[in-house]
Amino acid sequence: MKQRASCHRLRLHDCRIMKNTAGEKTVQVPGFRFAGVSAGIKESGERDLALIYSERPAVTAGLFTTNRVKAAPVKLALRKIASRKGQAVIINSGNANACTGRQGLRDAEEINTVTAKELGISPGLVYVSSTGVIGTPLPMEKIKTALPRLVKRLSPLSLNDAASAIMTTDTFVKACSGKVRIGGKTGTIAGIAKGAGMICPHMATLLCYIFTDIAVRPGALDRALREAVNKSFNRLTVDNDMSTNDTVMIMANGLLGNKPLTTRSAYYRRFSNALNEAAYSLAKMIARDGEGATTPVEIIVKGAAKERDAEKAAMAIAGSMLVKTAIYGKDPNWGRIMAALGRSGVEIDEEKIDIYINKIKVVSRGAGTGKDKSGEGIFKDREVTVTVDLKAGREAARVLTCDLTEGYIRINAHYRT
């Protein structure tokens, strides 16, 4: 059974999964309100329209898919993000509004306009996102009909409603929150994400929205987001496929009242570290929820001459179908890991390499230790960590993935049917 989690609570240097129980306090971020409703986009009747709203304009940064085929809402967002301002994001699931031509762009612009009107704010402060099936026009009347109800339901307590409304093949809500001390004040960072399939580095098939009451200058916010994405979502792979709609955005409304952070501020690194942890926490949830997956996997490559080498080596292992299926079968087939390293393009010395699977050393100096003969003890944990020591330097990188199962084929063979 896939482990389910509905809230991931973040603490600096202390990340752990927390289940959302009835007694758990609902995550709140000062100045932000959320909503999620069913507009009838999904035939299932589940929530499919979400809204994130800041009570005042926020400094905003965003990164989007590097796929040359981009959905209409991404094209619109790329034009608007240069303003570095935002106040609301409306997201629909069940329909990607991608490969829908000029009509798709007109639809995205109309959603932008009518949402702004309903909220009473400038259209320039509204962003639109979509996720779902490619090539189908948006059901515009359903969305416009649901908008007044969506705005009416905005609440500081409805973060999970918004998080559930952006899901497609996800099996659980992905949300995180954390507290950060900034100059004697305690700020909040929280985020929601969706993603389970079409996950590939350089923006995966995911949507992620992060919000904070900490005041941050635009340049500093952009830099912190890029670093966080490069160390989380860009080091995440489920199936080596890249989407047309990938979006990661952060909004900082400054309600904490701290002196706005710059890259030279004393507390910038603390903020950046917290953002890194939040992004990695959400990426880890996506790996856990990979389509058809039963086991989340973390690949750690250390002892590299360069961080880029460590990342390339880790991605080669994480993207290997042979490694992923071996993990599903609970087969500690380290030869597949070694083969992936050899084709990674990284300079390696085979006779120096050590490999561990869940802390059990299966390879020492390029040769098997014999401890892989029984996979039962190695795979007793619900998560798998593969650690490779190249012994070529001091740099390291970690990458997230999951096992590959028959379930992935079932989901994607019948995605539209």
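Could you size up the charge dipole of region 7-288 around its Cα centre, putting +1 on the beta carbon of Lys and Arg and -1 on that of Asp and Glu, and report it in debye to the nearest 20?
On the way: 40 positive and 20 negative charges, 202 e Å.
Here region 7-288 has a charge dipole of around 980 debye.
Hey, with R₀ at 25 Å, roughly what FRET efficiency would Lys391 and Asn358 work out to, going by the Cβ-Cβ distance, to 0.05? Could the numbers behind the result be given before it?
Details: r = 20 Å, r/R0 = 0.82.
Computed FRET efficiency for Lys391 and Asn358 comes out at 0.75.
Is region 7-288 best put as rounded, prolate or oblate by its Cα gyration tensor, with a ≥ b ≥ c the root eigenvalues, rounded for a/c under 1.5, and otherwise prolate when a/b is larger than b/c, oblate when not? Write down the numbers at each step before the final one.
Numbers: a/c = 1.42, a/b = 1.33, b/c = 1.06.
Judged from the Cα gyration tensor, region 7-288 comes out rounded (a/c under 1.5).
What list do you get for Val399, Val386 if you sort them by fewest beta carbons within 10 Å? Numbers along the way, then the final one.
Values: Val399 29, Val386 24.
Sorted ascending by nearby Cβ count, the order is Val386, Val399.
How big is the shadow of the Cα convex hull of region 296-413, averaged over all directions, in nm²? Write down the numbers at each step before the final one.
Values: hull surface 27.6 nm².
Mean projected area for region 296-413: 6.9 nm², to one decimal.
Quick one: work out the % antiparallel among DSSP beta bridges in the chain, nearest 5.
Antiparallel bridges make up about 70 percent of those DSSP assigns within the chain.
Which far-off residues, 5 or more places away or on another chain, put their amide H under 5 Å from the one on Ala61, with H placed in the peptide plane?
Ile250
Compute the separation of the alpha-carbon centres of region 256-296 and region 360-392 and state it in Å as a whole number.
29 Å
Set Lys and Arg Cβ to +1 and Asp and Glu Cβ to -1, take the dipole of region 296-413 about its Cα centre, and tell me which of Gly345, Gly368, Met321 lies farthest positive.
Farthest towards the positive pole: Gly368.
If packing is taken as the mean number of other Cβ atoms within 10 Å per residue, what is the order of 325-337, 171-183, highest first? Could the numbers behind the result be given before it?
Values: 325-337: 19.5, 171-183: 21.1.
Ranking, from highest mean packing down: 171-183, 325-337.
With runs of 4+ DSSP H residues as the only contributors, calculate the mean residue ellipticity of the chain at 222 nm using -39,500 (n - 2.57) per run, divided by the residue total and rounded to the nearest 500. If you can, show how the numbers build up before the last one.
Numbers: 11 runs with 123 residues, N = 417.
After summing the helix terms and dividing by the residues of the chain, the value is -9000 deg cm²/dmol.
Would you mind checking which residues have amide H under 5 Å from Val27's amide H? H placed 1.01 Å from N; only 5 or more apart, or other chain.
none
To the nearest 0.05, what FRET efficiency results for Cys99 and Glu141 with a Förster distance of 22 Å applied to their C-beta separation? Write down the numbers at each step before the final one.
Details: r = 21 Å, r/R0 = 0.96.
Efficiency computed from Cβ-Cβ geometry: 0.55.
Given points 7 Å out from each Cα along the Cα-Cβ axis, report the Ser155 to Thr26 separation in nanometres with one decimal.
The two pseudo-label positions are separated by 0.4 nm.
Quick check: pseudo-label points 7 Å beyond the Cα along Cα→Cβ at Ala266 and Lys85, how many nm apart are they?
Between Ala266 and Lys85, the label points sit 3.2 nm apart.
What area, in nm² and to one decimal, does the C-alpha convex hull of region 141-190 cast on average over all directions? All intermediate terms of the calculation are to be shown ahead of the outcome.
Numbers: hull surface 20.3 nm².
For region 141-190, the mean projected area of the Cα convex hull comes to 5.1 nm².
In region 7-288, if the dipole is taken from +1 on Lys/Arg beta carbons and -1 on Asp/Glu beta carbons about the Cα centre, which of Ser130, Met285, Ser177 is farthest to the positive end?
Looking along the dipole axis, the top candidate is Ser177.
Please give the FRET efficiency for Glu110 paired with Arg226, using the beta carbon to beta carbon distance and R0 = 35 Å, rounded to the nearest 0.05. The partial results should precede the final answer.
Details: r = 31 Å, r/R0 = 0.88.
Rounded to the nearest 0.05, the efficiency is 0.70.
By how many nm would the segment from Arg410 to Asp349 lengthen if fully extended, with 0.36 nm per residue of separation less the alpha-carbon distance? Let's see the in-between values first.
On the way: separation 61, 0.36 × 61 = 21.96 nm, distance 4.01 nm.
That works out to 17.9 nm of additional length.
Taking the Cα centre of region 296-413 as origin, work out the dipole magnitude from +1 charges on Lys and Arg Cβ and -1 charges on Asp and Glu Cβ, in debye rounded to 20. Display every interim value, and only then the final one.
On the way: 20 positive and 18 negative charges, 24 e Å.
Approximately 120 debye in magnitude.
Throughout, read-outs are computed from the coordinates displayed, never taken from laboratory work. Predicted, not measured: the structure shown is a model, and the values here were computed from it. Cβ sites come from the backbone with ideal geometry, for glycine too, and all protein chains shown count toward neighbours.
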